[in-house]
Amino acid sequence: MHSTPPTSIEPPDSKAVIELISPDRLNPYLTACAGDSIAALALYRWNSDLAAAFFEPLGHLEIMLRNALDARLVARQQRRGRTTEWYGDRQVPLSGKARGDIAQAQERAERGGAATTPRGKVIAELSFGFWRFLLARQYKTSLWPDLAGAFPHAPNRAVTTVENPVKRLHQFRNRIAHHEGIWHLPLEARRDDIQTVLGFIAPAAATWVADASRIDDVLARRP
C-alpha cells in the first residue's frame, strides 16, 4: 500500500484576512511589526489570546466584588432598620446616574414576566461600572465608611487604595469588551491589580483565581 504524501498547507491569504479585520484596526499591529503582515496577524492573534486569558479572572473579580459590596449595603440597611432593598431605597445616597443604572437593571431583570424578581437577578444586571463608581470619592463620607468593610485585608481604609486599581481594571475590561488592543499595555500590572483587589476582599479568593489563571502562560508566548 502506498501512502499518500502529505498535502502542503498553504499559508492564509493575509491580504484577505486583513481586509476582513479592517486595515484601520490592524494598522497599529502593522506599525509595530514594521509592515510585516504575517507578523502583524500573529500579534493580533496573541492579543486575542491575551484578552481571553484576562477575561476569565476579570469575570471572577467582578462577581466577587459586587457580592462583597452588596453584602455591605445589605448590612447598612439592616443596621439602620430599613426593610427596603438598598437599591430601591431613596434614602441611600446614590447619584442620579446610579439610580438610572438601577432602573435599567431592574427592567432587564424583570423581562420574562415573573411575578416577583429575585434580588439576585437585579444585582447581577448591574454593570462593573456601577460597582466601580460606588468606590468613587463622591461617596467618601456617605457610603465608603460602610463599603470599606468589603475589603478587610486592605492595608488601610482610604477609598483610593481600592478605587485606583478597580478604576484601572474597569478601563482595561472595557477595552477587552470592545475588542481593542491590549498587547501594548502594562499587562503584568493589570494582572497584579486583579490579585490586589481580590486579596483585599479575601486572600483565599485571590489564590483560587490565580491558580487557574492562564495569563502568565499567554504572556510567555508573545510572538
Review point. Just one of 65, 43, 50, 58 is touching a residue at least 24 places away in the same chain (Cβ under 8 Å) and within 15 Å of residue 134 (Cβ to Cβ); which is it?
Key: 65
Check your understanding: Would a scan of region 65-75 turn up a residue that is touching a helix residue (DSSP H, G or I) at 6+ places or on another chain (Cβ under 7 Å) and within 30 Å of residue 26 (Cβ to Cβ)?
Key -> no
Exercise for review: Please give the number of the condition residue 200 fails out of (1) open to solvent by 20 Å² or more (accessible area, probe 1.4 Å); (2) farther than 18 Å from residue 69 by Cα; (3) part of a helix (DSSP H, G or I).
Suggested key: (2)
Practice item. Report yes if residue 67 is among the polar types (S, T, N, Q), in a helix (DSSP H, G or I) and open to solvent by less than 50 Å² (accessible area, probe 1.4 Å), otherwise no. Key: no
Exercise for review: Go through region 105-137 residue by residue and tally those that are assigned to a helix (DSSP H, G or I), in contact (Cβ under 8 Å) with a residue 12 or more places away in the chain and of a type outside the set (Val, Ile, Thr).
Suggested key: 16
Point to revise | Residues located in region 24-38, provided they are assigned to a helix (DSSP H, G or I), touching a helix residue (DSSP H, G or I) at 6+ places or on another chain (Cβ under 8 Å) and over 10 Å from residue 183 (Cβ atoms) | key: 26, 30, 37, 38
Review point. Does residue 202 count as closer than 16 Å to residue 57 by Cβ and more than 16 Å from the chain's Cα centre (by Cα)?
Key: yes
Practice item. Go through (1) open to solvent by 20 Å² or more (accessible area, probe 1.4 Å); (2) at pLDDT below 95 and name the single condition residue 100 misses. Key: (2)
Study note, to complete from the structure: Pairing a residue in region 172-195 that is free of Cβ contacts under 8 Å to residues at least 24 places away in the same chain with any residue that is assigned to a loop (DSSP other than H, G, I, E, B), where Cβ atoms lie under 7 Å and the two sit 6 or more apart in sequence or on different chains, gives 175/182
**Study point:** Pairs, first farther than 15 Å from residue 193 by Cα and exposed (fewer than 13 other Cβ atoms within 10 Å of the Cβ) in region 142-159, second of a type in the set (Phe, Trp, Tyr) and modelled with pLDDT under 95, C-beta under 7 Å, six or more apart
**Key:** none
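The values are calculated or read from the model by the stated rules, or taken from the named source; none is laboratory data. Only a predicted model underlies this, so the values are computations on that prediction, with no experimental measurement involved. Glycine gets a Cβ as well: all are built from the backbone with ideal geometry, and neighbour counts include every protein chain shown. What goes into the accessible areas is simple: the full protein's heavy atoms, side chains included, and nothing from ligands, DNA or RNA. Shrake-Rupley method; radii C 1.70, N 1.55, O 1.52, S 1.80 Å.
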